[in-house]
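Please treat every number below as a calculation from the coordinates, not as lab data. Worth saying up front: this structure is predicted, and the values here are computed from it rather than measured. Cβ: placed from backbone, ideal geometry, glycine included. Neighbour counts: every protein chain shown.
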Amino acid sequence: MKKKPYTVLPIMILYLCLIMLLNQGCYGTIAESHECQKQATFVQKLERGEKVRLGALGTSLTGGDTPWFDVMKEWFNKDYPAQLEYLNLGISASASSYPPGESGLAMVNEMIKFNPDVVFIEFAVNDAYEPYQISMEESRHNLEAMINSLKSSNPEVEIIVQTMNVVIDMPELDMSESTKRSALADYYGVYRQVAADMGLLLIDHYPNWQNLLRSKGRELFIQYVPDGIHPNYEGYRKIVIPELQKYFKS
């Protein structure tokens, strides 16, 4: 009796299915990709007693009157006193390519001079601001350009990409013009995709702010985000710091 010829097709199909399942686990839904992110590596240096230079590029959420960055500094300076040097280059009303001289693309050159160990980047919330007319394709290109500039200067720099909060209209404060970000969720999606494609740590705050608004209602959301755009320190301590601690605690 002749033996049946051996075929690798079924094995190949099983192998491809396995790869698809594994990829789905990290890049499927927002929640799934959220769970697949790696831990930040700079904390290991801090735990060894080493010093770390930590920088941030972003909008008024990073460098405005109530920046999330200051709340993170409170926590780090308590846990790792005298080990961190900070440079916050967040600028109010800035976006990745606006305004000239103060955009993310411009400020990344100043960040490189600082020779950071870690850089946080968030511009999606203002790239989505409709009067700026920054397309999602341009937003992605600008983010990738900032990352590549930092990596070209120092291949070991750790880059952390962030999505930020929900923005709601505040007609009672005459804030309708300032809150025109109808495609904000899609711009945050661009940041998620770039982080996944480039193998970077993503801190995805947006789902937590969404959940707050949907489950607790507008009243509590406004308590934390009084003008509909900028969280206050209480909001950052309640919503943002717990999320950061998931990735910055061993």
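So how do Thr163, Thr66, Thr41 line up by other beta-carbon neighbours within 10 Å, fewest first?
With the sparsest Cβ surroundings first, the list reads Thr41, Thr66, Thr163.
Excluding residues on the same chain fewer than 8 positions from Lys51, give the aspartates and glutamates whose Cα lies under 17 Å from its Cα.
Within reach: Glu74, Asp79, Glu85, Asp117, Glu156, Glu158.
Glu177: net charge of surrounding residues, Cβ under 13 Å, Lys/Arg +1, Asp/Glu -1, itself excluded?
After counting each charged neighbour, the total is -2.
Could you grab the relative contact order for the range 159-201? Cα pairs under 8 Å, six or more apart, rounded to a whole percent.
55 percent
For the range 134-212, run through the GluC sites (Glu not before Pro) and keep only the ones in DSSP coil with at most 12 other Cβ atoms within 10 Å of their Cβ.
In loop regions of the range 134-212 (DSSP not H, G, I, E or B), the sparsely surrounded GluC sites (Glu not before Pro) are Glu156.
Kindly flag which residue pairs out of Lys73/Lys238; Lys73/Lys151; Lys113/Lys249; Lys216/Lys238 have an alpha-carbon separation exceeding 20 Å in this structure.
With Cα atoms farther than 20 Å apart: Lys73/Lys151; Lys113/Lys249.
Starting at 0 and stepping by 10 Å, how many percent of the alpha carbon pairs of the range 37-248 end up in each bin?
8, 36, 38, 15, 2, 0
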